[in-house]
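Below you'll find the structure, written out as structure tokens, and then a few comments.
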Amino acid sequence: KQEVTQIPAALSVPEGENLVLNCSFTDSAIYNLQWFRQDPGKGLTSLLLIQSSQREQTSGRLNASLDKSSGRSTLYIAASQPGDSATYLCAGITGANSKLTFGKGITLSVRP
Amino acid sequence: DTEVTQTPKHLVMGMTNKKSLKCEQHMGHRAMYWYKQKAKKPPELMFVYSYEKLSINESVPSRFSPECPNSSLLNLHLHALQPEDSALYLCASSYGGDYNSPLHFGNGTRLTVT
């Protein structure tokens, strides 16, 4: 059974910092991994999806990497802004017909 | 703005009421999902419809009844709910049902059961 862990649960940084959010998973036979953003009281917004055959994906100031052998994914946010404040969740799936397993999320606060 | 539309945004219902949550997408996606999210917890999968057929039911109590009238619409019928069913109910869709494409979520229905 795939387990996904995100540590720490919360993070506060000053504006402008480059930061890395970590996600670890137990089953290296991961099919793909997705990063989502959730604002308070809202739904989830898909940020990046990394297939098992890929090592990283980039979108604007965001870069996500996937290392299956170490069971880790990272989300890199460059030049953080207060608008980046939100909860970031990673979710992995082990097989095409399996369930997407979510981590508990990291609540990020970017201070002006 | 989200391309998955959920109505209503908020719903308060008593334990004897019958109500329905609605979800709509016009992106041509063939898979649609219902998730339940409690405060400060990740979403929990309830149901998956793939090509309008129920493909996954995560042992959800029968007081929750999903329906997929067509490829663009997904309903969740509620009856005789309990206060512990109060949560944010999220609908999502994806191009296929194999998680090979990103999930698109709606903004959810905040349900309170009194």
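The values are calculated or read from the model by the stated rules, or taken from the named source; none is laboratory data. If you're wondering where the values come from, they're calculated on a predicted model, not measured in any experiment. Cβ placement follows ideal geometry from the backbone for every residue including glycine, while neighbour counts extend to all protein chains displayed.
Tabulated data for the structure shown
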{"quantity": "Residues of segment B:59-114 classified as among the hydroxyl-bearing types (Ser, Thr, Tyr), within 24 Å of B:HIS26 (Cα to Cα) and not in a strand (DSSP E or B), total", "calculated": "5"}
{"quantity": "Residue satisfying all of: in segment A:74-85; in contact with an Asp or Glu (Cβ under 7 Å, 6 or more places away or on another chain) and surrounded by 15 or more Cβ atoms within 10 Å (Cβ to Cβ); nearest to A:VAL13 (Cα to Cα) among these", "calculated": "A:SER80"}
{"quantity": "Where a residue in segment B:21-43 is within 19 Å of B:SER59 (Cα to Cα) and its partner, wherever it lies, is crowded, with 20+ Cβ neighbours inside 10 Å and among the basic types (Lys, Arg), with Cβ under 8 Å and at least six apart", "calculated": "B:PRO43/B:LYS36"}
{"quantity": "Count - residues of segment B:40-57 that are more than 12 Å from every other protein chain (Cβ to nearest Cβ) and either under 9 Å from B:CYS68 (Cβ atoms) or assigned to a strand (DSSP E or B) (or both)", "calculated": "4"}
{"quantity": "All strands (runs of 3 or more DSSP E) inside segment A:1-56 with 2 or more residues being away from chain B (no Cβ under 14 Å)", "calculated": "A:10-14, A:19-25"}
{"quantity": "Residue count for segment A:91-112, restricted to those that are surrounded by 20 or more Cβ atoms within 10 Å (Cβ to Cβ), among the polar types (S, T, N, Q) and at pLDDT 95 or above", "calculated": "0"}
{"quantity": "Unmet criterion (only one of (1) in a loop (DSSP other than H, G, I, E, B); (2) without any contact (Cβ under 8 Å) to a residue 60 or more places away in the chain) for A:ALA79", "calculated": "(2)"}
{"quantity": "Hey, A:TYR88 surrounded by fewer than 20 Cβ atoms within 10 Å (Cβ to Cβ) and aromatic (Phe, Trp, Tyr) or not", "calculated": "no"}
